[in-house]
Amino acid sequence: MDITNEEINRVPQVLGNKSFKKVTEIISKPAETKAPKWWFIGLIGSMSLAALLFSLIGYLIWDGVGVWGLNNPVGWGFAIVNFVFWVGIGHAGTLISAILFLFRQKWRTSINRFAEAMTIFAVICAGIFPGIHVGRIWLAYYLFPIPNSMAMWPNFKSALLWDVFAVSTYFTVSLLFWYVGLIPDLATFRDRARTKIKKIAYGIFALGWNGSNRHWLNYEKAYMILAAIATPLVLSVHSIVSFDFATSNLPGWHTTIFPPYFVAGAVFSGFAMVLTLLIIARKIFGLEDLVTIRHLENMNKFILATGTMVGYAYAMEFFMAWYSANQYEAFAFINRAFGPYAWAYWIMVSCNVISPQFFWFKKLRTNIPIMFVISIFVNIGMWFERFVITVTSLHRDFLPSSWDYYIPTWVDIMTFVGSFGLFFTLFLLFLKYLPIISISEVKGVMDIADPHHYDEHKEEKS
Amino acid sequence: MTFHGYLCEVDNPKDLVELSKKVRDSGYIKFDTYSPFPIHGIDKAMGIPASVLPWLSLTGCIIGLTCALTMQIWMNGIDYKIPLSGKPYISLPAFIPVTFELTILFTAFFTVFGMFGLNKLPTWYRPIFNNASIKRATCSGFFLSISTLDNNFDESKTRLFLEKNGAKNIERILD
């Protein structure tokens, strides 16, 4: 399919003149047919990795943080890197569901459910790492303002405590937003259910929704308000995550560019992850007419824009290191690019700055194998970005006698791999049991959903 | 068997809007329409006033803001003072992130549960679910129901009125 610029405004959201019933059938199909073999294989694989994650967490709690590769100057390793990586991935989901909703970008309807699900599962993975890295896990309740016999309260001036509130609020609001969006579709599944169990299970969560327009009125208002509050929320969450670094007095971390730079990076990595997952799901479930090449192209444009912002931030950090005339700052950045971790730095630059630049070309932007490869590169690059920020800033302390080289242990690496297992377990269950595209929203943006579509002059034309 | 009202069907969103206007203009108040997605302009056609939900959200917003500030000022400024980097015990700029997050959190709770409250969700059983055709309202059907509780309702006249105005598959809602 080739779309020219003149035509782009008139490209229908759903291709192939589909009826409402057909749309319901396409989206319900994965949940109503027997799961394919790859699904079982994938689920078993992911569940074993998730089991690995939980056993390694058990090992960590049993043995202590010594099982990780942390050393004296590098007291913050994979746990924070993985946390920021996973939280960042979540951000694209909220951006697609909330910000694009407020901007009336109707193309978002076919990908928002998918992206929101990804947000929730990514934030679950993210939440694990700060939870387990506290060392003495039985004291994790210190994170929350819970009245206790020591008459102590948490320190609300600490960026780490801000993070607790930011991430838990983000998870809760994302979950509410996702669930509110799911209610009408769960009702669709309930009404199509053929077995008693499905009818009851979907029925409970559909809350007795029956498509009443008196309900839709309040529902749409609720959805809009949620989008309006989720928008500043998503910007605040990664800003607060960046405060974990930026409020400390460490060269390489203590920079004012961090909040916008982190938010851009988060959206960048999240879009790459949505793209990776969507390209596969679209192919497997035959959703090509609902998730069109134009949707993918739009996402690539986001990747190009945010990737370029991230590249700009990398350059600006170097400029500020020089312009500030602060020798510690200058050393931190020169060491980042040419020091012992130069390999990580250049992986990051080639994946994050160079690879999205291919999307300037329409041919490459609409080529599915190429965008798949680039999305993988971006996922890798963004993980390395967090690794570079955390580790390179720490491993060269102010005292050269403390300098050390951080090497993750097998526990570090396998815990990270295991978190992918948890993510994909949840994701595969979602693909099988829930509507992966928002049924009611897709119908709402179809031409036949508009009452004016049936007006006289339209009929004459067709 | 209680008789709750009539349920009828039309072909498309436009017909539903047109029929709602006629039902509204004939003085019916206790009626409802059902569609697989919200239809643009149907609230006006049915004569439903704007949702009061934003006021509930605002209430949540103010409660969240107040709770967050009170909690932090009391915990860190009064009950358990932490001397930290020369900042005052009650340091409002440092309290902004948590205040912001809790404001959003409370607003979200009030919005979602406020919407549930206004829509009386969850209500797992409604008499209308006894009519098998309503299952299509979540897929491709467009329906309208008029309740027996409406003052203008009359078993034969209402049915005649619906038939005259192009409603199809008129059914009785029973339980």
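The numbers here are math on the coordinates, done by the rules we state, and not lab data. Worth saying up front: this structure is predicted, and the values here are computed from it rather than measured. Note: ideal-geometry Cβ built from the backbone for every residue, glycine included; neighbour counts use all protein chains shown.
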**Fill in**
For chain A, the charge dipole (Cβ of Lys, Arg +1; Cβ of Asp, Glu -1; about the Cα centre) points to a positive end, and the Cα of A:Phe103, A:Ile61, A:Ala31 closest to that extreme belongs to A:Ala31
**Fill in**
Going from the fewest other Cβ atoms within 10 Å to the most, one would list A:Val173, A:Val237, A:Val23, B:Val52 as B:Val52, A:Val23, A:Val173, A:Val237
**Asked** Stretched out fully, how many nm does the piece from B:Arg126 to B:Trp55 gain, at 0.36 nm a residue minus the Cα gap?
**Response** 22.8 nm
**Request:** Compute the distribution of all C-alpha to C-alpha distances in the protein assembly as shown, in bins of 20 Å from 0, and list the percent of pairs in each, rounded to whole numbers.
**Result:** 17, 47, 28, 7, 0
**Complete:** Over all viewing directions the Cα convex hull of the stretch A:93-240 casts an average projected area in nm² of 12.0 nm²
**Message:** Where in chain A is the longest stretch that carries no GluC sites (Glu not before Pro) classed as loop by DSSP and with at most 14 other Cβ atoms within 10 Å?
**Reply:** A:8-287
**Item:** For chain B, radius of gyration divided by Kirkwood radius, i.e. Rg to Rh on alpha-carbons
**Value:** 1.26
**Message:** Test of understanding: extend the Cα→C-beta vector of A:Met320 to 7 Å, then name every residue of the stretch A:235-253 with backbone N under 11 Å from that spot.
**Reply:** A:246-247, A:252-253
**Prompt:** How big is Rg to Rh over the stretch B:114-175, alpha-carbon atoms, Rh as the Kirkwood inverse-mean-distance radius?
**Reply:** 1.00
**Request:** Provide the FRET efficiency to the nearest 0.05 for the A:Lys283-A:Val134 pair, computing r from the beta carbons and using R0 = 56 Å.
**Result:** 0.85
**Item:** Whole-Å distance, taken between Cα centres, linking the stretch A:28-95 and the stretch B:9-30
**Value:** 52 Å
**Complete:** With label points set 7 Å from each Cα along the Cα-to-Cβ direction at A:Lys106 and B:Asn169, the distance between them in nm comes to 2.7 nm
**Asked** If exposed trypsin sites (Lys or Arg not before Pro) are those in a DSSP loop with at most 15 other Cβ within 10 Å, what is the longest stretch of chain A that has none?
**Response** A:195-462
**Fill in**
Under the 7 Å Cα-to-Cβ spin-label approximation, A:Leu364 and A:Leu399 lie apart by a distance in nanometres of 4.9 nm
**Prompt:** Per-residue ellipticity at 222 nm for chain A, helices alone: DSSP H runs ≥ 4 residues times -39500 (n - 2.57), over residue total, nearest 500 deg cm²/dmol?
**Reply:** -22000 deg cm²/dmol
**Request:** Would you compute the Debye intensity of the stretch A:311-455 from its alpha-carbon atoms alone, equal scatterers and no solvent, and pass along log10 I(q)/I(0) at q = 0.12, 0.13, 0.15, 0.19 Å⁻¹ to two decimals?
**Result:** -0.77, -0.84, -0.98, -1.20
**Message:** Restricting to DSSP H runs of at least four residues, report the calculated mean residue ellipticity at 222 nm for chain B, -39500 (n - 2.57) per run over all residues, nearest 500 deg cm²/dmol.
**Reply:** -14500 deg cm²/dmol
**Prompt:** Listed here are the pairs A:Lys22/B:Lys14; A:Lys18/B:Lys157; A:Lys199/B:Lys21; A:Lys37/B:Lys135; A:Lys363/A:Lys432; which of them are more than 30 Å apart at the Cα?
**Reply:** A:Lys18/B:Lys157; A:Lys199/B:Lys21; A:Lys37/B:Lys135; A:Lys363/A:Lys432
**Message:** With equal scatterers on the alpha carbons only and no solvent term, can you work out the Debye log10 of I(q)/I(0) for the stretch B:53-119 at 0.23 1/Å?
**Reply:** -0.86
**Prompt:** Net charge near A:Gln357, counting Lys/Arg +1 and Asp/Glu -1 over other residues with Cβ under 13 Å of its Cβ?
**Reply:** +2
